[in-house]
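> To start, I am sharing the structure in question, which I have written as structure tokens.
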Amino acid sequence: MKKLPWLYITALFFLFYLLLYINGESELVFFLKPFLIPFLAIKLYYTRFFSVKKWLLLGLTFSWIGDVVLMFQDLGSFYFIIGLFSFLTAHVCYIYMFIHLKSFKKLSTKSWMLLAFVLLYLIVFLYLLIFNGELKEMHLPVFLYSCVIGQMLWGAGCLYLNKPFAGYDLILLGALSFVFSDSILAINKFWISSEIPDLSIYIMLSYLLAQYLIVSGIIWIHRFK
């Protein structure tokens with residue numbers, strides 16, 4: 001298993017899934033979705049032990065739960081809330097992982113500038129979503145989720161600023177992709193406008209890219225540590 005280029009195979013599997021998504025193969029897409037994150041987790045599971053491995057596996061596990069639950073969100077808002085909570089828990093695992101990697105050990109001026117940028121983005125985005133969207137009873141869950149994913153992004157950014165070399169850049173790009181994915185998911189679900197097209201393919205593309213980059217980055221830095 002160690003000699004198998006599983007990350008490359010995973011990338012091909014993700015691309016195959018996205019092509020099916022683009023071509024409207026809804027039945028195959030629905031069937032394959034629960035296998036996406038486990039496919040990625042296989043590489044991590046067979047990677048030699050390192051300090052934050054369990055937290056990354058936990059993050060992937062809760063992400064997988066969120067993926068599966070959100071497959072049934074059309075049946076009611078309950079499923080969306082459970083899926084949101086699952087991803088929130090996944091991000092908490094990622095935050096703890098970044099803390100363990102000492103992302104906040106040394107906060108520079110750039111670190112605080114990054115925090116200011118993240119807060120500004122969240123404030124503007126939530127403001128627009130509240131006054132142009134249809135959140136209804138989802139105000140508090142969306143607000144809490146936004147705070148957590150903002151913390152996750154800041155942690156990834158501080159990690160890169162403290163250790164700006166191979167692996168840490170992948171983690172930061174993954175965190176940015178996660179924020180992008182969740183932002184357009186919120187727009188796709190809550191924004192009130194007939195002019196906005198279906199953004200589902202971009203949500204899946206950026207989400208899969210986010211998970212792939214974070215896992216690849218963590219494996220990379222521990223392989224050459």
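> Which shape class applies to the stretch 82-132: rounded if a/c is under 1.5, otherwise prolate when a/b exceeds b/c and oblate if not, where a ≥ b ≥ c are the square roots of the Cα gyration tensor eigenvalues?
Values: a/c = 6.45, a/b = 1.20, b/c = 5.39.
Here the stretch 82-132 falls in the oblate category.
> Something else: In percent, how large is the relative contact order of the chain, given Cα pairs closer than 8 Å and 6 or more residues apart?
Over the chain, the number comes to 19 percent.
> For n ≥ 4 DSSP H runs only, could you compute -39500 (n - 2.57) per run for the chain, divide by its residues and tell me the 222 nm figure to the nearest 500?
-26000 deg cm²/dmol
> So how strong a dipole does the stretch 77-225 carry about its Cα centre when Lys and Arg Cβ are +1 and Asp and Glu Cβ are -1, to the nearest 20 debye?
Details: 9 positive and 6 negative charges, 175 e Å.
About 840 debye.
> For LYS189, which aspartates and glutamates qualify as cross-link partners when the Cα separation must be under 19 Å and same-chain residues fewer than eight apart are set aside?
ASP67, ASP74, GLU134, GLU137, ASP198
> Given the options ASN132, ASN188, ASN23, state which has the largest fluctuation in a GNM of the chain using a 10 Å cut-off (strictly under) for Cα springs.
So, out of ASN132, ASN188, ASN23, the one fluctuating most is ASN23.
> Let me ask something additional. Could you tell me the distance between the Cα centroids of the stretch 118-148 and the stretch 77-107, to the nearest Å?
For the stretch 118-148 versus the stretch 77-107, the Cα centre distance is 17 Å.
> How are the C-alpha pair distances of the chain spread across 5 Å bins, as whole percents from the shortest bin up?
1, 7, 14, 19, 20, 16, 12, 7, 3, 1, 0
> So which of LYS43/LYS106; LYS54/LYS163; LYS53/LYS105 end up more than 25 Å apart, counting from Cα to Cα?
LYS43/LYS106
> Using 0.36 nm per residue of separation minus the Cα-Cα distance, give me the extension gain between ILE9 and LEU107 in nm, one decimal.
Difference between extended and current length: 31.5 nm.
> Taking K and R as +1 and D and E as -1, what net charge do the other residues with C-beta under 14 Å from the C-beta of PHE30 add up to?
Value of the local net charge: -3.
> Follow-up. In whole Hz, with x marking every Gly and Pro, tabulate ³J(HN,Hα) for the stretch 176-186 from phi via Karplus 6.51 cos²θ - 1.76 cosθ + 1.60, θ = phi - 60°.
3J(HN,Hα) across the stretch 176-186, in whole Hz: 4, 5, 5, 5, 4, 4, 5, 5, 6, 5, 5.
> Same structure, new question: Please list, in order along the stretch 56-64, the HN-Hα scalar couplings obtained from phi with the Karplus expression 6.51 cos²θ - 1.76 cosθ + 1.60 (θ = phi - 60°), rounded to whole Hz, x for Gly and Pro.
Coupling constants for the stretch 56-64: 5, 5, 5, x, 5, 4, 5, 5, 4 Hz.
> How long is the gain from TYR79 to PHE117 if the chain were fully straight, where each residue apart is worth 0.36 nm and the alpha carbon distance is subtracted?
Value of the extension gain: 10.5 nm.
> Continuing with the same structure: Whole angstrom only: what separates the Cα centroid of the stretch 160-184 from the Cα centroid of the stretch 42-76?
18
Values in this text are rule-based calculations from the coordinates and carry no lab data. Nothing here was measured: the structure is a model prediction, and the numbers come from that model. No Cβ is skipped: glycine too gets one built from the backbone with ideal geometry, and neighbour counts run over all protein chains shown.
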